[in-house]
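The values are calculated or read from the model by the stated rules, or taken from the named source; none is laboratory data. Just so we're clear, the structure is a prediction, and the values are computed from it rather than from any experiment. Don't worry about glycine lacking a Cβ; one is built from the backbone with ideal geometry, like all the others, and counts go over all protein chains shown.
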Amino acid sequence: MKIFQIKSLYFFMLLLLNSIICFSQSGMELVTKMLAKEKEINTLKFDMTIKERVNGKLVVSKSSFKIQYTPFKVYLKQEYPMKGMEALYVTGTNNNNVLVNPNSFPWTNLNFDVNSYHMRKDQHHSIYDAGIKYVYSIITHLMDKYKDEIENLISNEGTIVWKNKQCWKITMKNPHFEYIKHKISENENPHKIAEKYKINDYYIIDKNAGINKFEDCKLGMTVKIPNDYATKMDIWLDKETFLPVIMKIYDDLGVYEEYEFINMKVNLKFDTKEFTQDYKDYNF
């Protein structure tokens, strides 16, 4: 009986110690470490499940990515819904267009502007936003914008297990989220407005019936936009790598986007041909 009591006490102490360790680092400290880690990253390779709200429903896609940030290069291959579709973007080549192998009709390579209809249809983001650096820039902006109270807006919710990985669950709340009016000035489009306010350009199109594409804005038109990117963000952060495995982003209607990063590898040295259409594993 005494042995059982000792084992039970030992198990309880381990749980208590784990809880103390989990909550000893504040949400602010964890996010600061996460952002510092990002500064060390120049290449990424990962699989990704994307869920983005389009016309009121979460649309799912699955792709594999290779990214080099400096100079900026992206290769992706989609698993779902367009199985086998490939896209390649390399800054300063191909007239800064995206080379696409649709792996379907018309059975030939195509070239599209980054923000063209075919590249942005039902997509919250352009290929420029691929990876984690874009979302990190949004987090950094919100931390700076609300720096006087940010420690109270970011919380460490403890440990969560994801695919056998020990992760911190971090929540960032934004009680200041609201809709504002913006009057279109000369040469403005949804993308430029989004850059100015650090919000998502797709959101602008979704909320304004008078805008139906990313380059379409009428001078003097008043549009409805959110003042910030999100009402809340949930980040599941791998304890070993300090890289995100799940990011959930909310607006006033609920989940706006959710991103799952799988098998993320950092700072791999890619073959010099891996960002060319002639690479042996590609089908351009």
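Values as computed for the structure displayed
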| item | result |
| --- | --- |
| Complete set of residues in the range 185-204 that are out of contact with any Phe, Trp or Tyr (no Cβ under 7 Å at 6 or more places or on another chain) and within 27 Å of residue 140 (Cβ to Cβ) | 185, 187, 188, 192, 193, 194, 195, 196, 197, 202, 203, 204 |
| Residues of the range 205-252 classified as closer than 15 Å to residue 192 by Cα, touching a Leu at 6+ places or on another chain (Cβ under 8 Å) and either free of Cβ contacts under 8 Å to residues at least 60 places away in the same chain or outside any loop (DSSP other than H, G, I, E, B) (or both), total | 0 |
| Subset of the range 135-178 that is among the aromatic types (Phe, Trp, Tyr) and touching a residue at least 60 places away in the same chain (Cβ under 8 Å) - its residue that is surrounded by the most Cβ atoms within 10 Å (Cβ to Cβ) | 168 |
| Lone qualifier among 79, 52 - being modelled with pLDDT of 95 or more, surrounded by fewer than 17 Cβ atoms within 10 Å (Cβ to Cβ) and acidic (Asp, Glu) | 79 |
| Selection from the range 94-108 of residues that are part of a loop (DSSP other than H, G, I, E, B) and loosely packed, with under 15 Cβ neighbours inside 10 Å | 103, 104, 105, 106, 107, 108 |
| When residues of the range 193-218 are limited to those that are of a type in the set (D, E, K, R) and at pLDDT 95 or above, the one surrounded by the most Cβ atoms within 10 Å (Cβ to Cβ) | 201 |
| Tally of residues being surrounded by fewer than 18 Cβ atoms within 10 Å (Cβ to Cβ) and farther than 19 Å from residue 140 by Cα across the range 239-264 | 9 |
| Test: residue in the range 152-167 that is at pLDDT 95 or above, touching a Ser or Thr at 6+ places or on another chain (Cβ under 8 Å) and outside any strand (DSSP E or B) | no |
| Number of positions in the range 179-204 that are in a loop (DSSP other than H, G, I, E, B) and touching a strand residue (DSSP E or B) at 6+ places or on another chain (Cβ under 7 Å) | 2 |
